Amino acid sequence: MKDKKTYQEKMEAQLNELSAKIDELLEKIEKLAKSEYEKQAQELPSKLKRVKDKLKELKKASNKAWEDVKPGFEKAWNELKKSFESAASRFK
């Protein structure tokens, strides 16, 4: 019987130690996830504004000049789409 009790106490102590380590790890993961979410939450609106500004430029450009503005708009658009898809995939 003594061996059983000793074993149970030993395993309970190890379980408590591992449980504390898991809690610490989960806190770190949560902080990282929150940090990443906040980063994306800040990036998306600024990228959206950039695309809207580029679209305004495109609308104001003459028929001749719009070809010069188009690459900047497309670059901003592709960056916004990529950021959105990346963020959305993490929350599905």
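Looking across Asn78, Asn63, Asn16, one residue alone is of a type outside the set (D, E, K, R) and outside any helix (DSSP H, G or I). It is Asn63.
In segment 58-92, how many are more than 30 Å from Glu36 (Cβ to Cβ) and either surrounded by 13 or more Cβ atoms within 10 Å (Cβ to Cβ) or among the β-branched types (Val, Ile, Thr) (or both)? Within segment 58-92, residues that are more than 30 Å from Glu36 (Cβ to Cβ) and either surrounded by 13 or more Cβ atoms within 10 Å (Cβ to Cβ) or among the β-branched types (Val, Ile, Thr) (or both) number 5.
Going by what's in this entry, would Leu55 be described as within 16 Å of the chain's Cα centre (by Cα), surrounded by 12 or more Cβ atoms within 10 Å (Cβ to Cβ) and assigned to a helix (DSSP H, G or I)? The answer is no for Leu55.
Taking every residue in segment 70-92 that is more than 20 Å from Lys54 (Cβ to Cβ) and pairing it with any residue that is modelled with pLDDT under 90 and exposed (fewer than 13 other Cβ atoms within 10 Å of the Cβ), at least 6 positions away or on another chain, yields no pair with a Cβ-Cβ distance below 7 Å.
Among residues of segment 33-51 that are closer than 15 Å to Leu80 by Cβ, none has a Cβ under 9 angstrom from a residue that is basic (Lys, Arg) and outside any helix (DSSP H, G or I) at a sequence gap of 6+ or on a separate chain.
The values are calculated or read from the model by the stated rules, or taken from the named source; none is laboratory data. Just so we're clear, the structure is a prediction, and the values are computed from it rather than from any experiment. Virtual Cβ from ideal backbone geometry, glycine too; neighbours counted across all protein chains shown.
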